[in-house]
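The structure appears below as structure tokens.
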Amino acid sequence: MKPEDIQELVKRLVERELEGIIPSSRPIPIGVSARHVHLSGEHLEILFGKGYELRKLRDLSQPGQFAAEETVTLVGPKGVIEKVRILGPLRKRTQVELAKTDAIKLGVDPPVRDSGDLDGTPGITIVGPKGAVTLEEGVIIAKRHIHMTPQDAREFQVQDRDIVRVICGNERKVIFDEVLIRVSENYALDFHLDTDEANAAGVKTGDTGILLKYRGEVKVPEKRYIQKRLITEKDVREAEKKGYTIILTKGTIITPLARELASRLGILEVR
Ligand SMILES: [Zn+2]
């Protein structure tokens, strides 16, 4: 950090200190991601042969995501790492996610990025049983993040792309700053760290962390309601986007799909 950055940081921390820190009451499960590779269909065929399909070893915390039985070897300018797990399903672009320690061993210098943001990142050579691929770009250190559903986001009072902090660990507690919030109905609550981050705090998959917010960042949402004669799935989507609640009173007609969705999102109030 440059001296002016440190000054700015101290100023920010002092201000924040005065505002007070509010910990979340619900703990967040931690998922530690070891180095891994997401492959495109084209690269899978080069590495494993034409028509090859990944075999599932185990499901991951995020619905639909899995660890494959297959592994590859990564070859960098300074070193080699064998048995690097492939995660499925296949993606549009091949992406290699490393911890900083792995990157040093391989001799590459990847930036900290969100998954999928690969422009201008370094490449690497991936070796499989049937062939090898040399990527032009695609190696990143994943930005630490929390996956959650819209319902979780309401509970934690955060929004997609917010940056928060999480405290975790026992004898070597660490507060992780710059934690990205990612919200989708297809996610399950999980705080994703790489192995370097997890080791620094002495945590492993299945441990939990506490989300920290500064008082100034906590907005108490004004509750707004949608009350109509007929409520369809479209109304529920609209309400969800605006942070509104659907009220059902006697005489309100709601389609079964709309009811199911509103109740799953936690924005249904029956009066
Ligand atoms: Zn993740």
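The values are calculated or read from the model by the stated rules, or taken from the named source; none is laboratory data. The model shown is predicted, which means the values in this text are computed figures rather than measured ones. Using ideal geometry, Cβ is built from the backbone for each residue, glycine included, and neighbour counts are taken over all protein chains shown. Heads up: the accessible areas ignore ligands, DNA and RNA and are worked out on the full protein's heavy atoms, side chains in. Shrake-Rupley method; radii C 1.70, N 1.55, O 1.52, S 1.80 Å.
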For this session: Answer yes or no as to whether Glu136 is within 24 Å of Leu265 (Cα to Cα) and more than 16 Å from the ligand (Cβ to nearest atom).
Result: no
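Would you check if Asp177 is open to solvent by 40 Å² or more (accessible area, probe 1.4 Å) and assigned to a strand (DSSP E or B)? Talk me through it step by step, then tell me what you get.
Details: open to solvent by 40 Å² or more (accessible area, probe 1.4 Å): yes; assigned to a strand (DSSP E or B): yes.
Yes, satisfied.
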Exercise. Hey, any hits in region 98-109 for a residue that's open to solvent by less than 50 Å² (accessible area, probe 1.4 Å), within 16 Å of the ligand (Cβ to nearest atom) and touching a residue at least 24 places away in the same chain (Cβ under 8 Å)?
Worked result: yes
Problem set entry | Cβ pairs under 9 Å, 6+ apart, first in region 1-28 and under 20 Å from Leu212 (Cα atoms), second open to solvent by 90 Å² or more (accessible area, probe 1.4 Å) and at pLDDT 80 or above | Ser24/Glu155; Arg26/Glu155
For this session: Considering each of Asp235, Asp190, Asp160 in turn, give the residue that is away from the ligand (no atom under 16 Å from the Cβ) and of a type in the set (Asp, Glu).
Result: Asp235
Exercise. If we scan region 141-149, do we find a residue that is outside any loop (DSSP other than H, G, I, E, B) and away from the ligand (no atom under 16 Å from the Cβ)?
Worked result: no
Exercise. Do you know which residues across region 55-106 are within 18 Å of Ile141 (Cα to Cα) and assigned to a loop (DSSP other than H, G, I, E, B)?
Worked result: Gly76, Pro77, Lys78, Gly79, Arg93, Thr94, Leu98, Ala99
For this session: Tally the residues that are without any contact (Cβ under 8 Å) to a residue 60 or more places away in the chain, among the aliphatic types (A, V, I, L, M) and open to solvent by 20 Å² or more (accessible area, probe 1.4 Å), restricting the search to region 116-173.
Result: 1
Seminar exercise, completed: When Gly79 is run through (1) open to solvent by 20 Å² or more (accessible area, probe 1.4 Å); (2) farther than 22 Å from Ile181 by Cα, the failure sits at (1)
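Go through region 31-54 and report how many residues are within 16 Å of the ligand (Cβ to nearest atom) and assigned to a strand (DSSP E or B).
We begin by selecting, within region 31-54, every residue within 16 Å of the ligand (Cβ to nearest atom); these are 31-38.
Narrowing the set further to residues that are assigned to a strand (DSSP E or B) leaves 31-33, 36-38.
So the count comes out to 6.
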Exercise. How about region 180-218: which of its residues are modelled with pLDDT of 95 or more and in a helix (DSSP H, G or I)?
Worked result: Thr195, Asp196, Glu197, Ala198, Asn199, Ala200, Ala201
